[in-house]
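The values are calculated or read from the model by the stated rules, or taken from the named source; none is laboratory data. Bear in mind the structure is a predicted one, so any value in this text is a computation, not a measurement. Cβ sites come from the backbone with ideal geometry, for glycine too, and all protein chains shown count toward neighbours. Ligands, DNA and RNA are excluded from the accessible area calculation, which covers all protein heavy atoms including side chains. Shrake-Rupley method; radii C 1.70, N 1.55, O 1.52, S 1.80 Å.
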Amino acid sequence: MLLWASLLAFAPVCGQSAAAHKPVISVHPPWTTFFKGERVTLTCNGFQFYATEKTTWYRRHYWGEKLTLTPGNTLEVRESGLYRCQARGSPRSNPVRLLFSSDSLILQAPYSVFEGDALVLRCHRRRKEKWTAVKYTWNGNILSISNKSWDLLIPQANSSNNGNYRCIGYGDKNDVFRSNIKIIKIQELFPHPELKATDSQPTEGNSVNLSCETQLPLERLDTPLHFNFFRDDRVILSDWSTSPELQLPTVWRENSGSYWCDAETVMGNIHKHSLSLQIHVQRIPVSGVLLETQPSGGQAVEGEMLVLVCSVAEGTGDTTFSWHREDTQESLGRKTQRSLRAELELPAIRQSHAGGYYCTADNSYGPVQSALLNVTVRETPGNRDGLVAAGATGGLLSALLLAVALLFHCWRRRKSGVGFLGDETRLPPAPDPGESSHSICPAQVELQSLYVDVHPKKGDLVYSEIQTIRLGEEGEANTSRTLLEDKDVSVVYSEVKTQHPDNSAGKISSKDEES
């Protein structure tokens, strides 16, 4: 069943309100011209309408207006006139003009046809005379002649099909029948969309919402539409979507340009685009340029990393940061990024890096310079401790080598019989002339454990100790030492202690000497 509406009323695709809309009259059969005696059913379709409630119908004719009240929303009519309906709380509908004719041939056309619809014109005769052909004219010109079908079909109507239509029937006895003239006006399914933006001059970094707004007639609110958005040279901003809105989360100055949108039916037979909308994205110039360091305060430690941090208080878009030394004006580094700050790392700072530094920031309005920041470089305590550790380790190695040499020397003398007796309880022989009274090879040699601090600190001493025991010799033991010197930082000792056998207390004397 085809339904044809009486009201060319439009509802917006988005933001539609159901309040106070006019009801729409549909007609069945879907024509506006009939033969007298035929019956036509009108239906009042209204928003917020309930079929069980009463509907008021108005019929205007030559003698005035007649009011009819029906318990439902339908009315059966057989008389010519302008018909309106009114649902509860709604305004009156637009009128539908019906004509009941006594002619022998009428041209039947629907009340309203929208672009993209199939337009059907029917050449209808009262009696069943036999016809040989039917001719249709449009604005006085022959549109078609057929001896098979009495109907005219235009598959997809558009505004170019507007005009005056008539049908002419030819009988088998050379009879000619002419219908009434019917004016056909194709209705617009929806107007060209209008592109709207929440802000046509947004600031960089902000969002912008676009809406492609159009309207569907109340009779065709169930017609699905698809939307698409474009910028400048047909840059597609989205795929086809049933949503008439598009959000641009973040816009930048390069997003400025001419925007427009398309709306089309799902079938693609009706396609319309909007006028362009200019969007100019505003950029905020940089200001408040500041240079800082990490560690803070421009205090750098030699050999460690120094980070120069350049920041801006305000500024949008791509910003080019550049770092410079005051004395040379040379650029130490350059970075372009969409940020309010940037960092430059100096991996190993040296004394030669001390001095004044500054940075600049530029987001296409010209560079803005920071205030001068003085960087000082101090010696790291770790360097001195490193020297101490190195000296201690070197002294320890020397002490080991010395101890091994002493043992080897004494072993050779003992093997040759010099300075040692077969019986260790006997006194050693007197020394040879010229030989020191204090032999470096003791009667008994004991190599003690080597005490090593694997993590030497400043001021630590590392000892390699050899204890000697002289038999039969009284008094305090004489001590022989070999002292190793770290000429840069510390003194490392190699200590030899002697103990007499009759010294039961095991008294040890030692005397430190600087090597």
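All but one of (1) open to solvent by 20 Å² or more (accessible area, probe 1.4 Å); (2) over 29 Å from residue 30 (Cβ atoms); (3) in contact with a strand residue (DSSP E or B) (Cβ under 9 Å, 6 or more places away or on another chain) hold for residue 230; which doesn't?
Condition not satisfied by residue 230: (1).
Just to be sure I understand, how many residues within segment 329-364 are open to solvent by less than 70 Å² (accessible area, probe 1.4 Å), assigned to a strand (DSSP E or B) and within 21 Å of residue 302 (Cα to Cα)?
The number of residues fulfilling the criteria is 9.
Give me the residue from segment 308-328 that is part of a strand (DSSP E or B) and open to solvent by less than 10 Å² (accessible area, probe 1.4 Å) and, out of that set, nearest to residue 281 (Cα to Cα).
Of everything passing the filter in segment 308-328, 319 is nearest to residue 281 (Cα to Cα).
Can you confirm whether segment 340-355 contains a residue that is in contact with a Phe, Trp or Tyr (Cβ under 8 Å, 6 or more places away or on another chain) and either more than 22 Å from residue 295 (Cβ to Cβ) or polar (S, T, N, Q) (or both)?
No, there is no match, as no residue in segment 340-355 is in contact with a Phe, Trp or Tyr (Cβ under 8 Å, 6 or more places away or on another chain) and either more than 22 Å from residue 295 (Cβ to Cβ) or polar (S, T, N, Q) (or both).
If you scan segment 249-282, which residues turn out to be open to solvent by 30 Å² or more (accessible area, probe 1.4 Å) and either basic (Lys, Arg) or farther than 30 Å from residue 187 by Cβ (or both)?
Matches in segment 249-282: 249, 250, 252, 253, 254, 255, 256, 278, 280, 282.
Given the conditions (1) of a type in the set (Val, Ile, Thr); (2) open to solvent by less than 40 Å² (accessible area, probe 1.4 Å); (3) under 30 Å from residue 337 (Cα atoms), which single one is not true for residue 236?
Result: residue 236 fails condition (2) only.
Would you point out the residue of segment 191-233, among those that are in contact with a Pro (Cβ under 8 Å, 6 or more places away or on another chain), among the hydrophobic types (A, V, I, L, M, F, W, C) and touching a residue at least 40 places away in the same chain (Cβ under 8 Å), that is nearest to residue 265 (Cα to Cα)?
Out of the qualifying residues, it is 225.
Confirm whether residue 313 is more than 13 Å from residue 360 (Cβ to Cβ) and without any contact (Cβ under 8 Å) to a residue 60 or more places away in the chain.
Against the criterion (more than 13 Å from residue 360 (Cβ to Cβ) and without any contact (Cβ under 8 Å) to a residue 60 or more places away in the chain), residue 313 qualifies.
Are any residues in segment 198-226 within 23 Å of the chain's Cα centre (by Cα) and surrounded by 14 or more Cβ atoms within 10 Å (Cβ to Cβ), and if so, which ones?
199, 202, 204, 205, 206, 208, 210, 211
For segment 247-294, give me each residue that is in contact with a Lys or Arg (Cβ under 8 Å, 6 or more places away or on another chain) and either free of Cβ contacts under 8 Å to residues at least 24 places away in the same chain or of a type in the set (Val, Ile, Thr) (or both).
Matches in segment 247-294: 281 only.
Across segment 246-264, what is the total count of residues that are over 19 Å from the mean Cα position of the chain (by Cα) and farther than 16 Å from residue 280 by Cβ?
So the count comes out to 4.
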